[in-house]
């Protein structure tokens, strides 16, 4: 029987890629350089260090790595505060269904400050009993640490837990935690077939989540 449901955030509940793209375009424009769709594709779904290094090499040291990090994330904050948050199909219904009967957690690879803005703007704090971000643990996804910690705080065993994820590293993280992973693969970044095959279920969008939850509970 399922007792807990844990959500990822970026790419699952919200479509954050257009905002990341706009933030990076604005940063590069500030130093008279371009950020192309090819650049964006090359840095989608990667650890923070990777895209910072990518931009650092692209700007030839004009900006420090710290300036790149803050330059992008500060622009993200402003965009989110101005309402540029697109919910993924079925996201709100999935949260409401989860909150009715289950312990609910959030485990995001996003920065805590960005996460807090998204939760505040959407009034989502009410849905989650436990909230963890990449800032709360030493090892991020694909390591399972964040999901193991959320399950521990929710007092739920892996077999009693559903994890919803969209990315390669997120799915790997969830599977390694031992929980039941429902993959909702990103349309922006291709997820390898072998990673999708490791999930308990693969669905096209969160709109299919209620049916899968019923299947898991009928086992």
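Here are a few things to note about the model shown:
- Candidates 125, 149, filtered to the one that is surrounded by fewer than 20 Cβ atoms within 10 Å (Cβ to Cβ), closer than 23 Å to residue 205 by Cα and modelled with pLDDT of 95 or more: 125
- Checked against the criterion of being modelled with pLDDT of 95 or more, closer than 18 Å to residue 80 by Cβ and more than 17 Å from the chain's Cα centre (by Cα), the candidates 24, 65 yield just one match: 24.
- Condition met for residue 32 (without any contact (Cβ under 8 Å) to a residue 12 or more places away in the chain and either assigned to a helix (DSSP H, G or I) or surrounded by fewer than 20 Cβ atoms within 10 Å (Cβ to Cβ) (or both)): yes
Okay, residues lined up against (1) touching a helix residue (DSSP H, G or I) at 6+ places or on another chain (Cβ under 6 Å); (2) under 20 Å from residue 135 (Cα atoms); (3) not assigned by TED's automatic domain parsing to the domain that holds residue 133:
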| site | (1), (2), (3) |
| --- | --- |
| 25 | no, no, yes |
| 35 | yes, no, yes |
| 49 | no, yes, yes |
| 58 | no, no, yes |
| 61 | no, no, yes |
| 71 | yes, yes, yes |
| 90 | yes, no, no |
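- Residue identified as closer than 19 Å to residue 85 by Cα, surrounded by 16 or more Cβ atoms within 10 Å (Cβ to Cβ) and touching a helix residue (DSSP H, G or I) at 6+ places or on another chain (Cβ under 6 Å) among 119, 132: 119
- Applying the criterion of at least 2 residues that are over 21 Å from residue 47 (Cβ atoms), in contact with a strand residue (DSSP E or B) (Cβ under 9 Å, 6 or more places away or on another chain) and not assigned by TED's automatic domain parsing to the domain that holds residue 77 to the helices (runs of 4 or more DSSP H) found wholly in segment 94-209 leaves 112-122, 145-154.
- Residue ID - surrounded by the most Cβ atoms within 10 Å (Cβ to Cβ), chosen from residues in segment 186-203 that are at pLDDT below 95 and in contact with a helix residue (DSSP H, G or I) (Cβ under 9 Å, 6 or more places away or on another chain): 191
The values are calculated or read from the model by the stated rules, or taken from the named source; none is laboratory data. Everything numeric in this text was worked out from a predicted model, so none of it was measured. Using ideal geometry, Cβ is built from the backbone for each residue, glycine included, and neighbour counts are taken over all protein chains shown.
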